[in-house]
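K.L.:
Starting off with a structure, shown below.
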Amino acid sequence: MRESMAHPSSRSRAKTAVRVLLIGFLAVLLAVVFVFLSRRSDRPAAIRPETRPLTTQKVDVKENIHFVKDTGGRNILDVQAARNFTDAVGLYHLKGPEGEKGGGVRVESRARDGQLKFAAFAEEVIYDADWTRLVFRGGVEIRLDDLTVKGASFTYHKNRDAVVTNVPAVFEGRRFRGDCRRATYNVTDEYFVFSGGITLVTAPWDDDPVPVIITGKSMTYARQPRTGEIRGDVRIAHGRSRGRCNDVFFAQFPDKPEFRLFDFHGNVKWEADERAVPAAVPAKPKAGEASPADDELIFFQGGRQRMEAGSMMFVPYGTEGWARYGSMQGGARVDILGEAGRQTTLEARETVFFYDEGWALQAFRLQTRARIRGEAEGRMRLLEAPTINYGADSGLLAANGTAAEPARTISGGREITAEWIALNLQTKNLDARGGVKIVSHPEAGNAGDAALFASGRTTFMTAGLAHYEGGERQFRLGEGARLWQGRESLEGRDVLIFEARGDISASGNVRSVFFHRDQKKNEDQRVEVTGGRMARQSKKGNILFLDSCSLTVGEIVLKAGRLILEPGGGEDGEKYRRIIADQERVTVTQGANTARGDRAVYDLSEDVIVLTGNTVLEDLAKGVIHKDGKLTFHPSDGRILIENKDAERSTTIIKS
């Protein structure tokens, strides 16, 4: 029992020892916590992302400091400030001179090779001990070469190597300035992104005081090679001119301030109005005023222009005799609006324009499905081809096609296709070559295209080449011309049409075919006339064939030095009343009979040919069967009526 019971004094000493051990453990723990907290309090606090008031309590103030800091990142910082101090929460402050507004603090960020990446100026800079984040406040300017960006606050993030602001900022470079709501500068790749809605004001041309203003959702500007891109619902303005597109790319020269090019992309629309006194709508002719002539329907110097394209590029400064250059691609269209209701429309897959320093058009080129259309008061002039070129000095508008895809022009009721067509807008001349085809529709002013044909019907023409003399209103077809209207035709090496007089001439193996009605047989008789030359006498309306002429009707062939076709127009509807053959000896051959005389008259209404003047009639088998009489040939049935010259006037009828 003694062994089972402990003494009371022993239990008391054990409890005391446990308390001492617990108190000692707590004391050590408190000491460790105190040491940790005391050491932690010596480190500056990190800059929190959220905005909060900063203490003004200053600790460890330094004056007029300048040092270079290697932050361990991509760049080295060169810092200058009037004061440097640490606040109560452990953040470091750089400040400019007391009471001085503007960039009293300067921080330069340089690459490890010494290249200046950017320079920042501010009233105050706040940073943490590790330089992971720098906050620039008060009149901040970020400068890189010729670009300066200004705002109330910017932040540099070392991990992103970027300078950022989320408050409105303005920027300015050589020949441009602008504003935005947010901005980010990628220091590594050296480009700025302005976002939240931007406005860019540019002055691309020395001689133009009116700025070009561009707005969009964002803009990227690359330090090198000094290029920029504006994106998102882009709007453009220059004076009264307005435009829009999806985005704009621009570039400046690397060694001078001028803009090298502007490139507009995506659903480009532009309405240019550079007139000193604008008109609400194109003026229309007053009552009684004449509409513009067809050769005036196409023009290129207008006060208002509407442009549409998939993309449009503009180069303000050229180097090869032109000062300004522009191109449009992707379904390009330009409407030029003039006075008196005139409008010229240019269309092509791609267009290129060249201007001089005074903005006068020097030349242009339309490529792939090129088309130019001029309109005014119901009249139209059209030119289309795979490519079309224009030169202002010569006034020449050249349409280049191929045999498979020829050029085409329509004007004044006349349609011309050829491998190459040129319109001279100064002289009003036209030239075409290579498989020329012309369709001339009945229209006032060209009804007398070819006097051999009916004025109320369409005339077709082909030739190797064609030339129209605008001043003289003459049309020349060369290198083998052919004109036809239904079954009637005219052929020759060269054909000349005088529009003003309605006359026509031809040379070189001339051949004309027409038909007259054989009343006895009640059918059309084919008549073919040939000669070395052909011409129309304006006063009488006669058609003359000269030089080794021939006339063929049925089995009869008549040959003479000259043939005169006298116009008909009587009630019988005959095209020609009669055909007179003279000069040199006239020969008439019908079957086996050949007759010669001084003069022959073919009366188409009677369908007879009368040969007179020292006549001789020969039979192929019998020889001469008659002399010195009047011979009448009947093409319809082959009869020959012989009338003697003596007093009795005896007659003989033979059948060929």
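K.L.:
Filtering segment 128-146 down to residues that are outside any strand (DSSP E or B) and touching a Phe, Trp or Tyr at 6+ places or on another chain (Cβ under 8 Å), which residue is least open to solvent (accessible area, probe 1.4 Å)?
P.N.:
Among residues in segment 128-146 that are outside any strand (DSSP E or B) and touching a Phe, Trp or Tyr at 6+ places or on another chain (Cβ under 8 Å), the one least open to solvent (accessible area, probe 1.4 Å) is Asp128.
K.L.:
Here are Ile410, Ile388, Ile416: which of them is touching a residue at least 40 places away in the same chain (Cβ under 8 Å), in a strand (DSSP E or B) and over 21 Å from Gly330 (Cα atoms)?
P.N.:
Ile416
K.L.:
Another one. Pick from Arg482, Arg511: which is open to solvent by 10 Å² or more (accessible area, probe 1.4 Å), part of a strand (DSSP E or B) and more than 26 Å from Trp420 (Cα to Cα)?
P.N.:
None of the others qualify; the one that does is Arg511.
K.L.:
If only one of Leu496, Leu490, Leu465 is surrounded by 16 or more Cβ atoms within 10 Å (Cβ to Cβ) and either farther than 21 Å from Asn542 by Cα or small (Gly, Ala, Ser) (or both), which one is it?
P.N.:
Every option except Leu465 fails the conditions.
K.L.:
Answer yes or no: is there a residue in segment 582-597 that is assigned to a strand (DSSP E or B) and at pLDDT below 90.
P.N.:
Among the residues of segment 582-597, not one is assigned to a strand (DSSP E or B) and at pLDDT below 90, which makes the answer no.
K.L.:
Tell me which residues, restricted to segment 361-383, are of a type outside the set (Lys, Arg), out of contact with any Lys or Arg (no Cβ under 6 Å at 6 or more places or on another chain) and either within 15 Å of Phe300 (Cβ to Cβ) or part of a strand (DSSP E or B) (or both).
P.N.:
Of everything in segment 361-383, those that are of a type outside the set (Lys, Arg), out of contact with any Lys or Arg (no Cβ under 6 Å at 6 or more places or on another chain) and either within 15 Å of Phe300 (Cβ to Cβ) or part of a strand (DSSP E or B) (or both) turn out to be Leu361, Gln362, Ala363, Phe364, Leu366, Gln367, Ala370, Ile372, Glu375, Met380, Leu383.
K.L.:
Okay, moving on. Among the residues of segment 55-92, how many are part of a strand (DSSP E or B) and either within 11 Å of Glu123 (Cβ to Cβ) or at pLDDT below 80 (or both)? Lay out the reasoning, then the answer.
P.N.:
Here is the first cut: in segment 55-92, the residues part of a strand (DSSP E or B) are 58-70, 75-87, 92.
In the following step, the residues that additionally are either within 11 Å of Glu123 (Cβ to Cβ) or at pLDDT below 80 (or both) were identified as 58-61, 81-82.
Number of matching residues: 6.
K.L.:
Let me ask another. From Asn246, Asn267, grab the single residue that is surrounded by fewer than 16 Cβ atoms within 10 Å (Cβ to Cβ) and closer than 12 Å to Ser311 by Cβ.
P.N.:
It is Asn267.
K.L.:
If a residue has to be touching a Gly at 6+ places or on another chain (Cβ under 6 Å) and under 21 Å from Gly591 (Cα atoms) to count, how many in segment 530-547 make the cut?
P.N.:
0
K.L.:
A follow-up question, please. Check whether at least one residue in segment 530-553 is modelled with pLDDT under 90, part of a loop (DSSP other than H, G, I, E, B) and under 26 Å from Asp637 (Cβ atoms), and report yes or no.
P.N.:
No, there is no match, as no residue in segment 530-553 is modelled with pLDDT under 90, part of a loop (DSSP other than H, G, I, E, B) and under 26 Å from Asp637 (Cβ atoms).
K.L.:
Any chance you could count how many residues in segment 290-329 are closer than 17 Å to Phe249 by Cβ and at pLDDT below 75?
P.N.:
1
K.L.:
Now for a separate question. Could you list, in sequence order, all residues of segment 468-477 that are buried (at least 19 other Cβ atoms within 10 Å of the Cβ) and either farther than 17 Å from Gly434 by Cα or modelled with pLDDT of 95 or more (or both)? Spell out the reasoning first.
P.N.:
The initial filter retains those residues of segment 468-477 that are buried (at least 19 other Cβ atoms within 10 Å of the Cβ), namely 468, 475, 477.
Within segment 468-477, Leu477 is the sole residue that qualifies.
K.L.:
Same structure, new question: I'm told Asp449 meets every condition in (1) within 37 Å of the chain's Cα centre (by Cα); (2) surrounded by fewer than 19 Cβ atoms within 10 Å (Cβ to Cβ); (3) at pLDDT below 90 except one. Can you identify the failing condition by its number?
P.N.:
Of (1) within 37 Å of the chain's Cα centre (by Cα); (2) surrounded by fewer than 19 Cβ atoms within 10 Å (Cβ to Cβ); (3) at pLDDT below 90, only one is false for Asp449: (2).
K.L.:
Within segment 108-127, is even one residue open to solvent by less than 20 Å² (accessible area, probe 1.4 Å), part of a loop (DSSP other than H, G, I, E, B), at pLDDT below 95 and not acidic (Asp, Glu)?
P.N.:
Checked segment 108-127: no residue is open to solvent by less than 20 Å² (accessible area, probe 1.4 Å), part of a loop (DSSP other than H, G, I, E, B), at pLDDT below 95 and not acidic (Asp, Glu).
K.L.:
Another question about this same structure. Among the numbered criteria (1) open to solvent by less than 10 Å² (accessible area, probe 1.4 Å); (2) under 58 Å from the mean Cα position of the chain (by Cα), which one does Asp87 miss?
P.N.:
(2)
K.L.:
Looking only at segment 165-213, how many residues end up being of a type in the set (A, V, I, L, M), within 27 Å of Ala119 (Cβ to Cβ) and part of a strand (DSSP E or B)?
P.N.:
7
K.L.:
Still on this structure, please answer the following. Counting only residues that are among the hydrophobic types (A, V, I, L, M, F, W, C) and in contact with a Lys or Arg (Cβ under 9 Å, 6 or more places away or on another chain), how many does segment 596-629 have? Can you show your working first?
P.N.:
Looking only at segment 596-629, we keep the residues that are among the hydrophobic types (A, V, I, L, M, F, W, C), and these are 600-601, 604, 608-611, 616-617, 620-621, 624-625.
Restricting the remaining residues to those that are in contact with a Lys or Arg (Cβ under 9 Å, 6 or more places away or on another chain) gives 601, 604, 610-611, 616-617.
Result for segment 596-629: 6.
K.L.:
Among the residues of segment 147-159 satisfying the criterion of being farther than 24 Å from Gln252 by Cβ and without any contact (Cβ under 8 Å) to a residue 24 or more places away in the chain, which is most open to solvent (accessible area, probe 1.4 Å)?
P.N.:
So the residue we want is Ala152.
The values are calculated or read from the model by the stated rules, or taken from the named source; none is laboratory data. No experiment lies behind these values; they were computed from the predicted model shown. As a convention, Cβ positions derive from the backbone with ideal geometry for all residues, glycine included, and neighbour counts pool all protein chains shown. Protein only, heavy atoms only, side chains kept; ligands, DNA and RNA dropped before computing areas. Shrake-Rupley method; radii C 1.70, N 1.55, O 1.52, S 1.80 Å.
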